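Engineer: Could you have a look at this structure, given as structure tokens, before my questions?
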Amino acid sequence: MKCELAENGKHAIERLRINSYDLILTDITMPVMDGLQFLREIKEITPFTPVAIITGYPTFENAVEAMKEGARDFIVKPFNVEKIKTTIDRLLKEKRLIGNPLSGKEDLKKELIKRLQEIAVLQSISSELDELYDNRKIYERIVEMVSRLLMARDVAFGIIKDDLLRIEAATMDVKKEVPLSGPIERIIKNRTYLLLSQGEKDPLNNSILKSQLLLIPLIINGEVFGVLNITNKIDNRPFSEDEIYLAQTFGKKVSLRIENNALYELFYSNLLNTLRSLIASIEARDSYTKQHSERVTHYAIEIAEVMGLNSEEKESIQFGGYLHDIGKIGVRDTVLLKQGNLTEEEMAEIRLHPVIGESIVRPLKFLPAERELILHHHERFDGRGYPLGLAGEKIPLLARILAVADTYDAMTSTRPYRPAMSHELAIKELMNNSGTQFDPLVVKAFLQTKTGKGIRDSNLFTLHAKAYQREH
Ligand SMILES: [Fe+2]
């Protein structure tokens, strides 16, 4: 096999005008002429020469565009030589089989192109969806992608739960819950797509359909768990066979992604539970910090409720609260439990624990809020905290909440180097440091919780703040 290298698209086009080639490999992002323009020009000169794209950053748009412009395969960098070899072999074999499509092998060509289109689109879908871990974001992205892929204005995605189709994401206004009847029931039973014509009843809102509606089932383990509703095409044309095929393929791929995500979440929630019990048992061995993380989480949730945080944020507190001091496993016990004053080095060692903690949970990519909470729970509202010295609202809200809960619990528990402070004194201390160490809104919210109540105004206390400064 002879191989020629062109410096850029323009040079390649010049050569294509003179010589004939069996196969072309190209990138998309290139100087002088980008890959899509290159594809368009190739089609003009030599429409039956297969082109494979090799690219480092395949986006969904790139893949769809490249396929529309006639690319026949999509190889994502980094690739190995074997992958290139098999692609080249396959494309050459297909070229021999298809030859010139005018020779009457139209059906075969159509079949092959469909399959290639499938590969390219799917590859770009996985690379886009693989970056998302949050189901809600995945659902939103699915709806967006289908809308662009089939050029349809109205796309909705619903999950079947408790005899209802619950709409999780949609490009249009739509009811949140749809009873399982008529077409939706048929889809669940037949497990295949359904095409409703203009004039039929729209199962989502019972109105009369103004254009065709394509319903695609999403299947895991042989069961339909969700439905994609696609309607109102931009070109007002009916869905073509190819489009239906593409939507079905997309449905299959997305089902797999959601299934993987569920497994991934299950795996990590098990892991988190293990971490949590590990922390509980470490804390249990030290009577001073016994159940510290559990109590801190409880107080932080109380504050979150007063502040009206949503369930997702409360869940982050639930996970992150238990794990907030996980970085202390990287700090020596002799330092952690030392009686008496700490040296500067020892203090520095303790102050590393938020950073160590964040690095421990960093592989759990779907927990960004929890990671932030762990990293920033010792920041101070006035910017004099650690590790980054963030100030005010630059400190994530969940970390500002945890700081109050953490300090309250630290003050009211006995430590090796000092006895526990009374509830009243601890509250007074929080109030005194509101606006400097703590976010005043969070302190205010804490005072309204069940735990924080019980003291309003008191000047009974002469604070011995110094004795309590060593809180970490
Ligand atoms: Fe801490």
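The values are calculated or read from the model by the stated rules, or taken from the named source; none is laboratory data. The structure presented is a predicted model; accordingly, all values stated were derived computationally and were not measured. We place every Cβ from the backbone using ideal geometry, glycine too, and count neighbours over all the protein chains shown.
Engineer: Report every pair of residues separated by at least 6 positions or lying on different chains whose Cβ atoms are under 8 Å apart, first residue within region 42-56 and surrounded by fewer than 14 Cβ atoms within 10 Å (Cβ to Cβ), second hydrophobic (A, V, I, L, M, F, W, C).
Structural biologist: Correct list of pairs: Ile45/Ile13; Ile45/Leu16; Phe48/Ile98; Gly56/Val76.
Engineer: Also, I was wondering about something else. Just the residues that are away from the ligand (no atom under 12 Å from the Cβ) and either aromatic (Phe, Trp, Tyr) or crowded, with 24+ Cβ neighbours inside 10 Å (or both), please, taken from region 310-325.
Structural biologist: Ile317, Phe319, Tyr322
Engineer: Restricting the search to region 329-382, which residues are within 29 Å of Asn261 (Cβ to Cβ), more than 16 Å from the ligand (Cβ to nearest atom), in contact (Cβ under 8 Å) with a residue 40 or more places away in the chain and in a loop (DSSP other than H, G, I, E, B)?
Structural biologist: Leu364, Lys365, Phe366, Leu367
Engineer: Are any of the residues in region 9-20 among the hydroxyl-bearing types (Ser, Thr, Tyr) and closer than 29 Å to Met151 by Cα?
Structural biologist: Within region 9-20, none of the residues are among the hydroxyl-bearing types (Ser, Thr, Tyr) and closer than 29 Å to Met151 by Cα.
Listed here are the residues, each with its yes/no results for (1) at pLDDT below 80; (2) assigned to a helix (DSSP H, G or I).
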{"position": "Glu14", "(1), (2)": "no, yes"}
{"position": "Ile28", "(1), (2)": "no, no"}
{"position": "Met33", "(1), (2)": "no, no"}
{"position": "Arg40", "(1), (2)": "no, yes"}
{"position": "Pro47", "(1), (2)": "yes, no"}
{"position": "Pro58", "(1), (2)": "yes, no"}
{"position": "Glu61", "(1), (2)": "yes, yes"}
{"position": "Glu65", "(1), (2)": "yes, yes"}
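Engineer: List, please: which pairs have Cβ atoms under 6 Å, are six or more places apart or on different chains, and start with a residue in region 424-436 that is within 11 Å of Val404 (Cβ to Cβ) and end with one that is part of a helix (DSSP H, G or I)?
Structural biologist: Every condition considered, the pairs that remain are Ala426/Tyr408; Ala426/Met411; Ala426/Thr412; Leu430/Val443; Ser434/Pro440; Ser434/Val443.
Engineer: Additional query: Restricting to region 157-172, give me the number of residues that are assigned to a strand (DSSP E or B) and surrounded by fewer than 23 Cβ atoms within 10 Å (Cβ to Cβ).
Structural biologist: Residues that pass the stated criteria total 9.
Engineer: Right, another one. Would you mind telling me which numbered condition in (1) within 11 Å of the ligand (Cβ to nearest atom); (2) more than 26 Å from Ala426 (Cα to Cα) Tyr386 fails?
Structural biologist: (2)
Engineer: Only one of (1) surrounded by fewer than 21 Cβ atoms within 10 Å (Cβ to Cβ); (2) among the hydrophobic types (A, V, I, L, M, F, W, C); (3) more than 21 Å from the chain's Cα centre (by Cα) is not met by Phe381, so which one is it?
Structural biologist: Checking Phe381 against (1) surrounded by fewer than 21 Cβ atoms within 10 Å (Cβ to Cβ); (2) among the hydrophobic types (A, V, I, L, M, F, W, C); (3) more than 21 Å from the chain's Cα centre (by Cα), the one that fails is (1).
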